Structures are given as structure tokens and as C-alpha cells.
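Heads up, the thing below is written out as C-alpha cells.
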Amino acid sequence: MDVEALYNTYFHDVYLYLCSVSRDESLAEELTQETFFRALKSSGQFRGDCDVRVWLCQIAKNLYLNHCKKQKHLTGNEIPESEADPHVSVEEQIADSEQAMKIHRILHEMKDPQKEVFSLRVFGELSFRQIGDLFGKTESWARVTFHRAKLTIIEALEESK
């Protein structure tokens, strides 16, 4: 396994994934570096039964969860700020900071996989195909899950008015 080629090919995808889940660019960069270090150490354990991108994102996800446990980051009281994707109407609402907090609260309460799919699509800017690959599902599954998450957010926003 050529680690340099792996790094050059997948660095951006892993970084965007970590940005979407951590909402912290410097943490995402640090964890991305650690992800490739861990991948190098355990390259012999890669069985090839999934896409390399999926394997790397699983390593990244585990590193992020370990980081959260160490930092006691998952207290439920904090909602990190993030940048919005201005291409979809719900995401356009994130530009308003009060509305952004409402949306982040809704996302915080939302169950996986909708929560993660929405974050990966909006904040991580991953394609539906990439999201489907991460979950071991189809591109259509990712689209439907994103759509349902979006509807959940819209409904919750309307109820809070």
C-alpha cells in the first residue's frame, strides 16, 4: 500500500469528513494527520472488503470519538459553530446566527444516521455517493436519509415559531 498516494488521494475527503463531524478546522487537520499515521501503522490489517475511503473515515471517526471522550466534549450542552453551505434553502438559513443555533440544537437532538448524513452533506460537502460508501449503503439511501433529515429540521423550525 503506497501511503503517499493514499494520502494525496484521500486527504481532502478525510479532512472534510472530520470538519463535518468536529466543526473545528484545526482539530480536523490534526486528526486527519493522525488518521493517516494510524492507517500506515495498520495497513496490513486492511482487508479490502470496503472502499479505502470508508476505511480511512472509520479510523478518523474513531479518533474523533476518542478525542471527544478525552475532552468530555459530548456533554450535550455545547453546539459548535460551523460554516454553512449556501446551496440549499435550509442551509441558507444557517447564515442567521439565531437561526443557526436553532438548527444546531435540532441537529444535536436528531438521531443517527440522519444527523451524520446531514452534517456530512452540508458541512463536509461530501457527495451522496461518498456518504453512502461511508455507511456501506447506496447513494439513494444517502439521498433519502438527507431528505428526511432536512424535513425533520424544517418541521422543528416551524414548530418553534
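The values are calculated or read from the model by the stated rules, or taken from the named source; none is laboratory data. Since we're looking at a predicted model, the values are computed, not measured. Neighbour counts run over all protein chains shown; Cβ positions are idealised from the backbone, glycine included.
Could you check region 19-50 and list, in sequence order, the residues that are touching a residue at least 60 places away in the same chain (Cβ under 8 Å) and within 17 Å of the chain's Cα centre (by Cα)?
Within region 19-50, the subset touching a residue at least 60 places away in the same chain (Cβ under 8 Å) is 19-21, 23, 50.
Listed by number, the residues that qualify are Cys19, Ser20, Val21, Arg23.
Just a yes or no: is a residue in region 64-82 among the basic types (Lys, Arg), in contact with an Asp or Glu (Cβ under 6 Å, 6 or more places away or on another chain) and either at pLDDT 75 or above or farther than 28 Å from Ser42 by Cα (or both)? Walk me through it before giving the result.
As a first pass, look at region 64-82 and keep what is among the basic types (Lys, Arg): 69-70, 72.
Still in the running and in contact with an Asp or Glu (Cβ under 6 Å, 6 or more places away or on another chain): none.
Scanning region 64-82 turns up no residue that is among the basic types (Lys, Arg), in contact with an Asp or Glu (Cβ under 6 Å, 6 or more places away or on another chain) and either at pLDDT 75 or above or farther than 28 Å from Ser42 by Cα (or both).
Scanning region 111-161 for residues that are acidic (Asp, Glu) and within 20 Å of Cys19 (Cβ to Cβ), which turns out surrounded by the most Cβ atoms within 10 Å (Cβ to Cβ)?
Applying the filter and picking the extreme gives Glu116.
Suppose we keep only residues that are among the basic types (Lys, Arg) and at pLDDT 85 or above within region 106-126. Which one would you say is nearest to the chain's Cα centre (by Cα)? Even if it seems obvious, please write down each step before you answer.
We begin by selecting, within region 106-126, every residue among the basic types (Lys, Arg); these are 111, 115, 121.
Okay, now just the ones that are also at pLDDT 85 or above, so 111, 115.
Details: Lys111: 14, Lys115: 9 Å.
The qualifying residue nearest to the chain's Cα centre (by Cα) is Lys115.
If you go through region 17-28, how many residues are closer than 14 Å to Ile59 by Cα and not small (Gly, Ala, Ser)?
Summing the residues that are closer than 14 Å to Ile59 by Cα and not small (Gly, Ala, Ser) in region 17-28 gives 3.
State which residue is modelled with the lowest pLDDT when the search covers only region 13-61 and only residues that are of a type in the set (Lys, Arg) and part of a loop (DSSP other than H, G, I, E, B).
Here is the first cut: in region 13-61, the residues of a type in the set (Lys, Arg) are 23, 38, 41, 47, 53, 61.
Next, only the ones that are part of a loop (DSSP other than H, G, I, E, B) stay: 23, 47.
Working: Arg23: 84, Arg47: 68.
For region 13-61, the residue satisfying everything is Arg47.
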